[in-house]
Amino acid sequence: MQLKDPTLLRQQAYINGVWTDADNGKTHAVHNPATGELVGTMPDCGAAETRRAIEAANAAWPAWRKKTAKERAAVLRKWADLIVENTDDLALLMTTEQGKPLAEAKGEVVFGASFIEWFAEEGKRVAGDTLASPWPDRRLIVTKEPIGVCAAITPWNFPTAMITRKAGPALAAGCPMVLKPAEATPFSALALAVLAERAGVPPGVFSVVTGSPKAIGGEMTSNPIVRKLTFTGSTGVGRLLMEQCAPTIKKLSLELGGNAPFIVFDDADLDAAVEGAIASKYRNAGQTCVCANRIYVQDGVYEAFAQKFVAAVSKLKVGDGTEPGVTQGPLIDAKAVLKVEEHVADALAKGGRLLLGGKRHALGHSFFEPTVIADVTPAMRVSDEETFGPLAPLFRFHTDEEAVALANNTEFGLASYFYSRDIGRIWRVSEGLESGMVGVNTGLISNEIAPFGGVKQSGLGREGSIYGMEDYLVIKYICLGGI
Ligand code: ADP
């Protein structure tokens, strides 16, 4: 990996403004999923280092919250600018540790910076209320305050954007943050810390602790100083963290699993639907929580859609994300490949019709062929579980009511997508879908201005947007008497 600025690759944790090794001196190796090569090592920190980071955050909090929103915005704006200026290096770092194609990695870096830029501005607009008083001699005032020390735990599928989406609003609101990035992708997180330091984020306001998820997560969730935990990852781990936060009643933001339905109605523009389905399904090799997981196609257009879709999927180029033209990189690890393999085997054993792919890719490592299976039914595992890989299962449906019922038949409720040109149907289906986000005639919905988040067991809270700020604020009511 040839970085223009090699100092962006840091192999130490960043605690209270100091680059540091783990107390026990141990490290954890990080490998490139496309080649198996060693990318570097990260310190294997645990509870003690996390406690120090939390205490440092608490010590840094009063000065950070005392700054004006405009002063904080100036620092954050600089951080965002530095991220954008270093897009090439940050993208290469990301592709090397995570596997996604370089073009997607560059897109994520810019997308990631946009959250810091947006919230830097939004921080200036945090406002309260004055309420009509029921008493002649008292006034009722509502103010918003930063909640306090925040802990963040982030996944490997978006190694940059899942961090900035949390750190942006936290820091803009006046809160310090201690972050634990995923074990597979610590270097993107640490590079963000390098740039935060350069931008002038004060020591303790943003710390990155790498290492044991259980030990770090245990400290983050039990330490009473931490007022809020923000987590993106699987529903299972989210549930566990929620439980661990219960004794100290922490405020929670949880962005958990999805099982997104993608519905193609018979009046859809089929070419547009194919394009949207490819973008939604195969981006990041199918490893996003908003990826189309179940594709429902209405009976009348089923075969036509399947044919066009397979033709388009067969054009995807699998390979090392750093190679030009590659559109699908490797999966994150062997376990991820196994899950896709199991879902394929289960679907085929229960009568699914393999239209494309279906097996590990000839490139080896954790590469998997872009796969399409038709005649999929609700009895198959792909119907209930998030595949998190490049497998598109095509279900058949007949009526609108059936499509909505099938789409909602899951404990998840993050994103849904559908294609139709009929305005009545668009309203009815949008309102009928049980999900926090609905993409109509588009497969890409995420940006910093829109509220990202789920209902049901897909989580709590919203990230991005004017609503995302609320997750880092608490309301104070002041009753001013003696007037
Ligand atoms: P994924 O399937 O995306 O890897 P996980 O929920 O396992 O989802 O991981 C998301 C993040 O949660 C990662 O940073 C991971 O290290 C962390 N994590 C996993 N298990 C725990 C745990 N028991 N306590 C705290 N964090 C955890």
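The values are calculated or read from the model by the stated rules, or taken from the named source; none is laboratory data. Please read all numbers here as calculations on a predicted model, not as lab measurements. FYI the Cβ positions are ideal-geometry reconstructions off the backbone, even for glycines, and counts take in every protein chain you see.
Side notes on the structure shown:
- Selection within segment 311-326 - over 13 Å from Leu102 (Cα atoms) and among the polar types (S, T, N, Q): Ser314
- Within segment 237-256, being surrounded by fewer than 24 Cβ atoms within 10 Å (Cβ to Cβ) and out of contact with any Leu (no Cβ under 7 Å at 6 or more places or on another chain) holds for Val237, Arg239, Leu240, Glu243, Gln244, Ala246, Pro247, Thr248, Ile249, Lys251.
- Of the residues screened, Ala29 is one that is more than 27 Å from Tyr472 (Cβ to Cβ) and assigned by the TED database to the domain that holds Ala173.
- Test for Val194: is it in a helix (DSSP H, G or I) and either hydrophobic (A, V, I, L, M, F, W, C) or at pLDDT 95 or above (or both): yes
- Entry remark, segment 365-396: residues being without any contact (Cβ under 8 Å) to a residue 60 or more places away in the chain, in a loop (DSSP other than H, G, I, E, B) and over 18 Å from Lys100 (Cβ atoms) number 4 in total.
- Residues (within 13 Å of the ligand (Cβ to nearest atom), within 18 Å of Gly329 (Cα to Cα) and assigned to a loop (DSSP other than H, G, I, E, B)) located in segment 155-188: Pro155, Trp156, Asn157, Phe158, Pro159, Ala184, Thr185
Residue-by-condition table, conditions (1) surrounded by 15 or more Cβ atoms within 10 Å (Cβ to Cβ); (2) under 24 Å from Phe158 (Cβ atoms); (3) of a type in the set (D, E, K, R); (4) within 16 Å of the ligand (Cβ to nearest atom):
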residue: Asn293; (1), (2), (3), (4): yes, yes, no, yes
residue: Tyr296; (1), (2), (3), (4): yes, no, no, no
residue: Gly300; (1), (2), (3), (4): no, no, no, no
residue: Ala306; (1), (2), (3), (4): yes, no, no, no
residue: Val313; (1), (2), (3), (4): yes, yes, no, no
residue: Pro324; (1), (2), (3), (4): no, yes, no, no
residue: Ala334; (1), (2), (3), (4): no, yes, no, yes
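- For segment 204-236, filtered to residues that are part of a helix (DSSP H, G or I) and more than 9 Å from the ligand (Cβ to nearest atom), the residue that is surrounded by the most Cβ atoms within 10 Å (Cβ to Cβ) is Glu219.
- Of the residues making up segment 1-37, those that are surrounded by 13 or more Cβ atoms within 10 Å (Cβ to Cβ) and part of a strand (DSSP E or B) number 10.
- The residue that is surrounded by the fewest Cβ atoms within 10 Å (Cβ to Cβ), counting only those in segment 104-144 that are out of contact with any Leu (no Cβ under 8 Å at 6 or more places or on another chain) and part of a strand (DSSP E or B), is Asp129.
- Filter result (crowded, with 22+ Cβ neighbours inside 10 Å and either of a type in the set (Gly, Ala, Ser) or not in a strand (DSSP E or B) (or both)) within segment 440-460: Gly443, Glu448, Gly453, Gly454, Ser458, Gly459
- Residue in segment 192-200 that is within 16 Å of the ligand (Cβ to nearest atom) and buried (at least 20 other Cβ atoms within 10 Å of the Cβ) present: yes
- Pair list, Cβ under 7 Å, 6 or more apart: segment 1-26 residue within 14 Å of Asn86 (Cβ to Cβ), other residue assigned to a loop (DSSP other than H, G, I, E, B) and polar (S, T, N, Q): Asp5/Asn86; Leu8/Asn86
- Any hit, segment 68-78, residues being among the small types (Gly, Ala, Ser) and farther than 20 Å from Ala196 by Cβ: no
- Breaking point among (1) within 14 Å of the ligand (Cβ to nearest atom); (2) not in a helix (DSSP H, G or I), for Cys245: (2)
- Residues within segment 463-483 that are under 17 Å from the mean Cα position of the chain (by Cα) and touching a residue at least 40 places away in the same chain (Cβ under 8 Å), tallied: 5
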